[in-house]
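Visitor: Got a structure here, written out as structure tokens. Questions coming.
Taken together, the values in this text are just the output of simple stated rules run on the coordinates, not laboratory data. Model, not experiment: these values are computed from the prediction. With ideal geometry, Cβ positions are generated from the backbone for all residues, glycine too; neighbour counts draw on all protein chains shown.
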Amino acid sequence: MTADPLTPFHAPVREWFSASFDAPTRPQALGWPPIARGESTLILAPTGSGKTLTAFLWCLDRLMFTPPPEKKARCRVLYVSPLKALAVDVERNLRAPLAGIAQLAERRGDAFTTPAIAIRTG
């Protein structure tokens, strides 16, 4: 039996994902374990297979549920996009998980930090 790939995530993240999707996609199920171990990970999969969430859900989990580092070390995730439109699309697609996870954490009484998100172009 394969371990549940959502197990390493904090409860609000697991609950949000389970309420939003039927199950992890193959890229998610295979990608999250090495990402959780801190390994460099390449996700190669077709469009629409959940690559963005594969790459970012663990980041959101860590950003929201671990204490923020000192101010000088606060840039913890940097996404470099080859296209402005793609960067805007990724940013927009991450707003729903952030809001949903925050609502669940608040409802559960779990402490969390809402990460700051910014886009810089040019």
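Visitor: Which net charge results when you count Lys and Arg as +1 and Asp and Glu as -1 among the other residues whose beta-carbon is under 11 Å from that of P12?
Guide: Combined, the nearby Lys, Arg, Asp and Glu give -1.
Visitor: Calculated from DSSP H runs of 4 or more alone, at -39500 (n - 2.57) each and per residue, what is the 222 nm mean residue ellipticity of the chain, nearest 500?
Guide: Helix-only estimate at 222 nm: -16500 deg cm²/dmol.
Visitor: Classify the range 72-122 from the C-alpha gyration tensor, please: rounded if a/c falls under 1.5, else prolate or oblate depending on whether a/b exceeds b/c.
Guide: oblate
Visitor: Based on DSSP H assignment, which helices of the chain show an axial Cα extent of at least 20 Å together with a mean Kyte-Doolittle hydropathy greater than or equal to -0.5?
Guide: Within the chain the helices that satisfy the rule are 51-65, 84-108.
Visitor: Taking the convex hull of the alpha carbon atoms in the range 1-56, what volume per residue do you get, in Å³?
Guide: Hull volume over Cα atoms, normalised by residue count, gives 91 Å³.
Visitor: Then there's this: Quick one: net charge around F65, please, counting Lys, Arg +1 and Asp, Glu -1 for every other residue with C-beta under 12 Å from its C-beta.
Guide: +1
Visitor: Where nothing but the Cβ of Lys and Arg (+1) and of Asp and Glu (-1) is charged, how large is the charge dipole of the range 70-111 around its Cα centre, in debye to the nearest 20?
Guide: 140
Visitor: Okay, next question. For the range 1-54 and the range 61-122, compute the distance between their C-alpha centroids and round to whole Å.
Guide: 17
Visitor: Neighbouring Cβ atoms within 10 Å as the yardstick, rank R120, R62, R108 fewest first.
Guide: Ranked by crowding around the Cβ, least crowded first: R120, R108, R62.
Visitor: With only Lys, Arg, Asp and Glu charged, each at its Cβ (+1 for the first two, -1 for the last two), find how big the charge dipole of the range 11-108 is about the Cα centre; round to the nearest 20 debye.
Guide: The dipole magnitude comes to about 260 debye.
Visitor: If packing is taken as the mean number of other Cβ atoms within 10 Å per residue, what is the order of 64-75, 86-97, highest first?
Guide: 86-97, 64-75
Visitor: Now a separate question. Which net charge results when you count Lys and Arg as +1 and Asp and Glu as -1 among the other residues whose beta-carbon is under 14 Å from that of A3?
Guide: Charge balance near A3 sits at +1.
Visitor: Rounded if a/c is under 1.5, else prolate if a/b is larger than b/c, else oblate: which is the chain, with a ≥ b ≥ c the root eigenvalues of its Cα gyration tensor?
Guide: Rounded, since a/c falls under 1.5.
Visitor: Need one number: nm distance between label points at A11 and A87, each 7 Å from Cα along Cα→Cβ, rounded to one decimal.
Guide: It is 3.8 nm.
Visitor: Another question, then. Got a sec? Charge dipole of the chain, +1 on Cβ for Lys and Arg, -1 for Asp and Glu; which of A73, G109, L98 is way out at the positive end?
Guide: A73
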